[in-house]
Amino acid sequence: MYAYYGRYLLIDLSSGRCEPQPLPAAEARAYLGGAGLAARWLYRHAPAGVEPFAPENPLVLAGCPLVDTGLTTTAKAAFAARSPLTRFLGESLISSHFAIALKRTGWDGLVMNGACALLSVLVVDGEQVRVLPMPELAGRSAAETERAVRAALGKGFQVAAIGLAGERRVRYAAISHDGRHAGRTGLGAVMGAKNLKAIAVRGARHAGIFDPEGLRDAATDLRRRSLGPETAKYRLLGTSANLLTFDRLGVLPTRNFQQATFSGAERLTGETLAAERGRERTGCAACAVGCEHRYLPGAGEAAVRAEYESLFALGPLLGIDDPDSVLRAAALCDEYGLDTLSLGGTLAWAMEAVDRGALSTAYLEGVDLRFGNAAAVLQAIPRIAAREGALGTLLAEGSRLAAEAIGQGSEAWAMHVKGLELPGYEPRALKTLALGLAVGARGACHNRSSAYDADFGGGADRLRVDLPRGREAAEAEDRAAVLDSLVICKFLRRCFDDFYPDAARLVALLTGWDIDGEELAETGRRIVTVKRLYNQREGASRVDDTLPPRLLSERVPDGPGAGSGITATDLDRMLDDYYQARGWTRDGLVSDAASNALLVAPTPGPPASTDAAG
Ligand code: SF4
């Protein structure tokens, strides 16, 4: 088989025992890799109802077919497990050299079960696999851990690691590599529960390419397109350019979604940060775009990556407009291994709870958590990462569980879907996105839906529920599923003339499969469905496809979208339309017949193939 090795490795961290598993061509073709294959393997290997922190909750790591082929922006792999934050599908991509080294091990992925007796590093050195106890890494940051592991193991290893937050099972802890994070849904805490501090991978294999010359030409073409006007924003300012635009459009959630514009936006925007301080531009391995921009918080301090979501979650969402403090908070999240979006969402909930008198001084322990108080945020982050004291222990649980713990109606302002805190978009003024967030398998996630493309692109009236938008939301999810499974970075999504046929041609050149755009679109639907099936097995149904009470009861208070809202009736109508577009029941369930067709005989016929290439 081209592009794949036709096998993945089941590893029992408790005993160190390994068991190779076949990856048939049919399954590779049906789920591609990355997010798709990770979800499929999780569905297969996770026992139903497993507790997220139990050793039996497998941590899946799936490689991607396009990695290490010369195609720009493809150096990514996907982690998956039952999420401790949502208790449904947890899944997140990790970028850069780690993904390339994983591909070169000669395994299409790893499924890690059990738990290490001592804090350890899993070492996959081609065919050699071992669990290496390194308890001396306790409390170290991911960056320090990466350096220490590489120094201990020798040249060529790439390392993904957790910081203190993962070790302490903070429910939104990240897995990190080279300063980039598989941040969402708390998979760092699953690693911590397995006593697994890091995964180190190295190899020298290259999966075969069916048509190397054709793929080289396609890679040159994609690189040229990736440097065109569609990605200029990312190269010039990165995603931080969104901040001022979103403020102008009135979709910049501020003070825990109590406003949709922020008076201090100008101070935090990419343009200001670039003008006022030193800046470095960088990017993931094997990427020509280089969308990452790093800024200096202050003299003598290390540069910090500042993309839109972190600026939003640590700035406007908390009412903070001091760029130095926002960058320092982002640096602390890097150091401890915390997802900035969930941290910001949880702190914003706490600040509103303080405002409303629902969080007592017994919890606060001297930290004056009020909107706009940057010093309090910088005090709170280390406590959360360590689960220290009443405040750290409460906020390490995320906004949903923290609200359940203190009660007093505070669930009303816990801004999450399925337990995952919302990203930096005001859903009441972006109606297609609102539906995308409500139905998302991993919770309130803009990355797995991209439904805002319809709102921003003018394809739908973003301020009115004039149409139910089920089809638009479903199509956006399917497209994102294919991008996240091949993987091609989402920032390239507008660089294709016609995404599905263009992407299918890349897959055909790589694999030799007789695949077309229609099949790839069907693959997107299949991947979304297997994610749904996983959640369904864990008890998800229509009641989980909802939005926070604030979004269904209050209207946008300010900005160009002022007065716009979504009622429960609007959402119901949109859900009906979405389920119909998907062919699911009115309760949002995949029928037995559909799930059997998907899981038992999932694919079109196998491609013309060769033996696994060395
Ligand atoms: S565009 Fe940005 S996020 Fe995407 S691969 Fe390149 S550097 Fe990474």
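Over 29 Å apart at the Cα level, from the set 194/233; 155/490; 76/418; 233/418, are 194/233; 155/490; 233/418. Debye sum, Cα scatterers, region 227-420, no solvent: what log₁₀ I/I(0) at q = 0.11, 0.19 1/Å? Normalising to I(0) and taking log10 leaves -0.49, -1.28. Ranked from largest, the principal axis spans of the Cα set of the chain equal 65, 57, 48 Å. Using the Cα gyration tensor of region 181-246, with a ≥ b ≥ c the square roots of its eigenvalues, what is the shape: rounded (a/c below 1.5), prolate (a/b larger than b/c) or oblate (neither)? Oblate, because a/c is 1.5 or more while a/b does not exceed b/c.
Working note: Debye formula, equal point scatterers on the alpha-carbon atoms of region 339-430, no solvent; log10 I(q)/I(0) at q = 0.19, 0.20, 0.21 Å⁻¹ is -0.82, -0.91, -1.01.
Net charge of the neighbourhood of residue 543, taken over other residues with C-beta under 13 Å away and scored Lys/Arg +1, Asp/Glu -1, is -1.
Among the protein heavy atoms of the chain, carbon and sulfur supply 49% of the accessible surface, probe 1.4 Å, non-protein parts ignored. Considering only 245, 568, 363, the residue lying farthest towards the positive end of the dipole of the chain is 363, judged by Cα position with unit charges set on Cβ.
Given an 8 Å cut-off on Cα distances and at least 6 residues of separation, report the relative contact order of region 18-142 as a percent. Computed value for region 18-142: 21 percent relative contact order.
The simple spin-label model puts a point 7 Å past each Cα toward its Cβ; for residue 281 and residue 496 those points are separated by 2.6 nm. Express in % the proportion of alpha carbon pairs of region 7-202 at distances exceeding 26 Å. For region 7-202, the fraction of Cα-Cα distances above 26 Å is 20 percent. Taking label positions 7 Å along the Cα-Cβ direction at both residue 118 and residue 227, the computed distance is 5.0 nm, reported to one decimal.
Here the label points at residue 592 and residue 127, each 7 Å from Cα along the C-beta direction, are separated by 4.6 nm in the simple model. Potential lengthening of the chain between residue 516 and residue 152 amounts to 126.4 nm, from the contour at 0.36 nm per residue minus the alpha-carbon distance.
Normalised by the number of residues in the chain, what is the relative contact order in percent for Cα pairs under 8 Å and 6+ residues apart? Dividing the mean separation by the residue count of the chain yields 17 percent. Which FRET efficiency value, to the nearest 0.05, is calculated for residue 56 and residue 26 with the Förster distance at 25 angstrom and r the Cβ-Cβ distance? Computed FRET efficiency for residue 56 and residue 26: 0.35.
Solvent-accessible surface of the chain, taken per residue with a 1.4 Å probe and all protein chains present: 33 Å². With 0.36 nm allotted per residue and the present C-alpha distance subtracted, the residue 44-residue 204 stretch has 54.7 nm of extension available. Highest average first, the peptides 47-60, 216-229 ordered by how many other beta carbon atoms sit within 10 Å of their residues are 47-60, 216-229.
The values are calculated or read from the model by the stated rules, or taken from the named source; none is laboratory data. Note that the coordinates shown come from a computational prediction; the quantities given were computed from them, not determined experimentally. All Cβ positions, even for glycine, are placed from backbone atoms using ideal geometry, and neighbour counts span all protein chains on display. Ligands, DNA and RNA are stripped out before the accessible areas are found, and what is left, the full protein with its side chains, is counted by its heavy atoms. Shrake-Rupley method; radii C 1.70, N 1.55, O 1.52, S 1.80 Å.
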